[in-house]
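S.K.: I have a structure here, written as structure tokens, and I will follow up with some questions on it.
The values are calculated or read from the model by the stated rules, or taken from the named source; none is laboratory data. Remember, it's a predicted structure, so these values are computed and weren't measured experimentally. Counting neighbours? That spans all protein chains shown, and the Cβs are built from the backbone with ideal geometry, glycine included.
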Amino acid sequence: MEGKRLDKKDVRQALTIINEVSEDVKNGKCYILFPEGGYDFNNRNHVCDFKAGSFKIALKTKAPIIPVALIDSYRVFNSFWLGPVTTQVHYLKPILFEEYGSLKTQEIAALVRDRINEKINDVLKITEKQEK
């Protein structure tokens, strides 16, 4: 598995990475992007604001965006949780270019973030009910 790290403080490097990934996607390669650009310590499933520029790749390539909701992944890396951790990964309905193509990157970021938040909230509500 390959990866590319974008340095948010280096505009030239970021543009180079966006262009490289766009070319790869045009050639059929799939990428997982983390549009938050990192997250806070012990974030407790809170989705931080997305960096809108990360959706430029989708606009350039017209590729589908598949939102992914991660639940409890924070426990593995940066919390004081002891014991086994079950991380849930939920692949949501793809957002096709026809749906997002006329939107600005900030609007796309909000759309994707809202769908992920909705899924996380739905799953956590179900989990709370089961625990009672």
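S.K.: May I ask you to list the residues in region 16-33 that are touching a residue at least 24 places away in the same chain (Cβ under 8 Å) and either surrounded by 12 or more Cβ atoms within 10 Å (Cβ to Cβ) or over 17 Å from the mean Cα position of the chain (by Cα) (or both)?
M.R.: Residues satisfying the conditions are I18, V21, S22, V25, K26, Y31, L33.
S.K.: Restricting to region 34-56, and then to whatever is out of contact with any strand residue (DSSP E or B) (no Cβ under 8 Å at 6 or more places or on another chain) and of a type in the set (F, W, Y), can you tell me which residue is surrounded by the most Cβ atoms within 10 Å (Cβ to Cβ)? It would help to see each step written out before you state the result.
M.R.: Going through region 34-56, the residues out of contact with any strand residue (DSSP E or B) (no Cβ under 8 Å at 6 or more places or on another chain) turn out to be 34-44, 46-54, 56.
Restricting the remaining residues to those that are of a type in the set (F, W, Y) gives 34, 39, 41, 50.
Working: F34: 13, Y39: 16, F41: 8, F50: 22.
Only one residue fits best here, namely F50.
S.K.: Check Q88, Q13 and return the single one that is within 20 Å of E118 (Cα to Cα), among the polar types (S, T, N, Q), surrounded by 13 or more Cβ atoms within 10 Å (Cβ to Cβ) and in contact with an Asp or Glu (Cβ under 9 Å, 6 or more places away or on another chain).
M.R.: Values: Q13 fails: within 20 Å of E118 (Cα to Cα).
Among Q88, Q13, only Q88 is within 20 Å of E118 (Cα to Cα), among the polar types (S, T, N, Q), surrounded by 13 or more Cβ atoms within 10 Å (Cβ to Cβ) and in contact with an Asp or Glu (Cβ under 9 Å, 6 or more places away or on another chain).
S.K.: Anything in region 99-109 that is free of Cβ contacts under 8 Å to residues at least 24 places away in the same chain and either among the aliphatic types (A, V, I, L, M) or loosely packed, with under 12 Cβ neighbours inside 10 Å (or both)? List them, or say none. Lay out the reasoning, then the answer.
M.R.: Narrowing region 99-109 to residues free of Cβ contacts under 8 Å to residues at least 24 places away in the same chain: 99, 102-103, 107.
Of everything in region 99-109, those that are free of Cβ contacts under 8 Å to residues at least 24 places away in the same chain and either among the aliphatic types (A, V, I, L, M) or loosely packed, with under 12 Cβ neighbours inside 10 Å (or both) turn out to be S102, L103.
S.K.: Check every one of the helices (runs of 4 or more DSSP H) wholly within region 72-132 and list those with 1 or more residues that are among the small types (G, A, S) and either in contact with a His (Cβ under 8 Å, 6 or more places away or on another chain) or modelled with pLDDT of 95 or more (or both).
M.R.: Details: elements: 74-78, 97-100, 105-131.
Passing ranges, in order: 105-131.
S.K.: R113 versus (1) under 24 Å from L6 (Cα atoms); (2) in contact (Cβ under 8 Å) with a residue 60 or more places away in the chain; (3) in contact with a strand residue (DSSP E or B) (Cβ under 9 Å, 6 or more places away or on another chain): which is the lone unmet condition?
M.R.: Going through (1) under 24 Å from L6 (Cα atoms); (2) in contact (Cβ under 8 Å) with a residue 60 or more places away in the chain; (3) in contact with a strand residue (DSSP E or B) (Cβ under 9 Å, 6 or more places away or on another chain) one by one, R113 breaks only (3).
S.K.: Does S102 count as of a type in the set (S, T, Y) and under 27 Å from L124 (Cβ atoms)?
M.R.: No, not satisfied.
S.K.: Among what's in region 1-31 and is in a loop (DSSP other than H, G, I, E, B) and modelled with pLDDT of 90 or more, pick the residue that is nearest to D72 (Cα to Cα).
M.R.: The residue in question is Y31.
S.K.: Across region 57-70, which residue is farthest from the chain's Cα centre (by Cα) among those that are more than 22 Å from N121 (Cβ to Cβ) and buried (at least 18 other Cβ atoms within 10 Å of the Cβ)? Spell out how you get there, then give the answer.
M.R.: The first filter runs over region 57-70 and keeps only residues more than 22 Å from N121 (Cβ to Cβ), leaving 57-64.
This time we only want the ones that are buried (at least 18 other Cβ atoms within 10 Å of the Cβ), so: 57-58, 63.
Values: I57: 13, A58: 13, A63: 15 Å.
Residue satisfying both the conditions and the ranking: A63.
S.K.: When residues of region 23-60 are filtered for being hydroxyl-bearing (S, T, Y) and in contact with a Leu (Cβ under 9 Å, 6 or more places away or on another chain), how many remain?
M.R.: Residues that pass the stated criteria total 1.
S.K.: Of the residues that make up region 46-67, is at least one without any contact (Cβ under 8 Å) to a residue 12 or more places away in the chain and either part of a helix (DSSP H, G or I) or charged (D, E, K, R) (or both)?
M.R.: Kept after step one, since they are without any contact (Cβ under 8 Å) to a residue 12 or more places away in the chain, are these residues of region 46-67: 46.
Right, trim to either part of a helix (DSSP H, G or I) or charged (D, E, K, R) (or both) and you get none.
Within region 46-67 (the criterion being without any contact (Cβ under 8 Å) to a residue 12 or more places away in the chain and either part of a helix (DSSP H, G or I) or charged (D, E, K, R) (or both)), the answer is no, since none of the residues qualifies.
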